[in-house]
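Any read-out appearing in this document is the output of simple, stated calculations on the displayed coordinates, not a laboratory observation. Note that the structure is predicted; figures quoted are calculated from it, not measured. Heads up, the Cβs are rebuilt from the backbone with ideal geometry, glycines too, and the neighbour counts pull from every protein chain shown.
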């Protein structure tokens, strides 16, 4: 198939491509999860008002930003 590449080098390249795809896919799913958590926090704040609601909201947004940051790093590095 590829001239000059041994079978083990070809297998290594395929495995690396598979891992890249899996890491990016998992990161996208994690961003979706973080977005759902943020939406749930928003719904919770309208239903249950407590003294630590603002802290939970900030932590939810920080979690979402961290997940997006990890996705961006994966896209740039991988």
(request) Mind giving me the nanometre distance, one decimal, between the label points for residue 66 and residue 36, set 7 Å out from Cα along Cα→Cβ? (result) 1.9
(request) Please give the contour-minus-distance gain from residue 76 to residue 23: 0.36 nm per residue of separation, less the Cα-Cα distance, rounded to one decimal in nm. (result) 17.9 nm
(message) Treating only the Cα positions of the chain as identical point scatterers, give the base-10 log of I(q)/I(0) from the Debye formula at each q in 0.14, 0.28 Å⁻¹.
(response) -0.60, -1.17
(message) Compute the angle between helix 7-47 and the longest alpha-carbon principal axis of the chain, please, reported from 0 to 90 degrees and rounded to the nearest 10.
(response) 10
